Amino acid sequence: MMDFTWQRVVIKVGSALIAPDGNQCSGRYLLAIARFITASRDLGKEVILVSSGSVAAGKGKIKTHHAPSIAEKQAMAAIGQTQMMANWSRFFDFPCAQLLLTYDDLHNRTRYVNIKNTLRELLNHHALPIINENDTVAVNELKVGDNDNLAAYAALIAEADTLIICSDVDGLFDKDPRRNPDAKLLPLIEHIDEATMALAGGAGTSLGTGGMQTKLQAAQKCTQSGIQTLIVNGQKGDVFDNLLEGKIQGSLFKPVASRENSRGQWLKHTLKSCGKIVIDAGAKTAILNKGASLLPSGIIEVVGQFKSGEAVTIEYQSHPLAKGLALYSASDLHHIKGKRSSDIEGQLGYTLGEAVVHRDDMVLL
């Protein structure tokens, strides 16, 4: 087993562990996880929990004789959310705090910062933050879609050093262990590439929305921001006993970059690009080698209909180089692309500054 050290962790627990029978909460697999959380806090470490299970917990309370509609699933979530929180709270003698999020909350910088501040205060006051997607109100365009990626976003917001994803398998294997008895566990993954992603199967259980693919997506988000990520079997209590002793029984994804600041994490991983700016070789060199802002003179093409302040991807020869907040709208950029900054006011009748994307609002990809 590999050695393991950490100080602030996000632990993701899925529906199959929360409600293994599919229609109510259970403590069958949670006692070992709760013991790990309590023991870790006693050692002065900080824990944030991302817990699925609200729809599964409320399923038995909303009787249907057909595949439930979106409204019925949201009703199940509304009922099940309180049961899921009560199920966790019974294991602890310290406060548990509920945070329900949508993708829109993460997309908006003000709400992102507010979530960050709330998490910090909860940890300062020794409460256990328990995060879930707000399934009672979220529609498809506002959903993260799975709690593996939600856990990754939580780790980024909280500036955690570790993400632990609790699964119903022992970790990442070189082939599907459910179908191949000779499959071998991969204990250490140095870099997540296309070959790694190809090892992921389809969706997981019928209760959850995530499979190994979403777990690898979450690991990729975190490792690119300097956060080590573990996939472990949440059904095995000895996994957490070993973690308390600093030993990993599962798969460890090593961070491939130093930890980014919060704004950089938000720009890179959370904010959706609304368009694309294609640049020339000179602009590419200035951005990558000189830490420069993007000026209109370096722009070749503008793709999409984005507004001032929205995120854009900056590309060179079809390769994404950076992501940032556009100071000018797409329609304005069509008028000033390729021109000098001193020409902006003459072209538009006003100026918002000489840069199209300022370096402070840009993160390299």
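Derivation of every value follows stated rules applied to the coordinates shown; laboratory data play no part. Every value quoted in this text rests on a predicted model; they were computed, and no experiment measured them. All Cβ positions, even for glycine, are placed from backbone atoms using ideal geometry, and neighbour counts span all protein chains on display.
For this structure, a couple of remarks:
- Beta bridges by DSSP in the range 272-364, antiparallel share as percent, to the nearest 5: 80
- Rounded if a/c under 1.5, otherwise prolate or oblate - the range 1-132, Cα gyration tensor axes: oblate
- Chymotrypsin sites (Phe, Trp or Tyr not before Pro) lying in DSSP loop within the range 1-60, provided at most 16 other Cβ fall within 10 Å: none
- Local electrostatic count, Ser329, Cβ distance below 9 Å [Lys/Arg +1, Asp/Glu -1]: -1
- Members of Lys276/Lys339; Lys116/Lys307; Lys175/Lys254; Lys184/Lys247 lying beyond 24 Å, as alpha-carbon distances in this model show: Lys116/Lys307
- Mean separation of Cα contacts under 8 Å, 6 or more apart, over the residue count of the chain: relative contact order %: 15
- Potential lengthening of the chain between Lys61 and Gln305 amounts to 83.3 nm, from the contour at 0.36 nm per residue minus the alpha-carbon distance.
- Calculated semi-axes √(5λ) of the Cα gyration tensor in Å (choose from (i) 33, 23, 19; (ii) 40, 23, 20; (iii) 95, 24, 14), label: (ii)
- Helix-only arithmetic for the chain: the sum of -39500 (n - 2.57) across DSSP H runs with n ≥ 4, divided by the residue total, places the mean residue ellipticity at 222 nm at -9500 deg cm²/dmol.
- Within the chain, helices built from complete DSSP H runs that reach 15 Å or longer along their own axis (Cα positions) and carry a mean Kyte-Doolittle hydropathy of 0.0 or higher are 30-42, 147-158.
- Beta bridges by DSSP in the chain, antiparallel share as percent, to the nearest 5: 40
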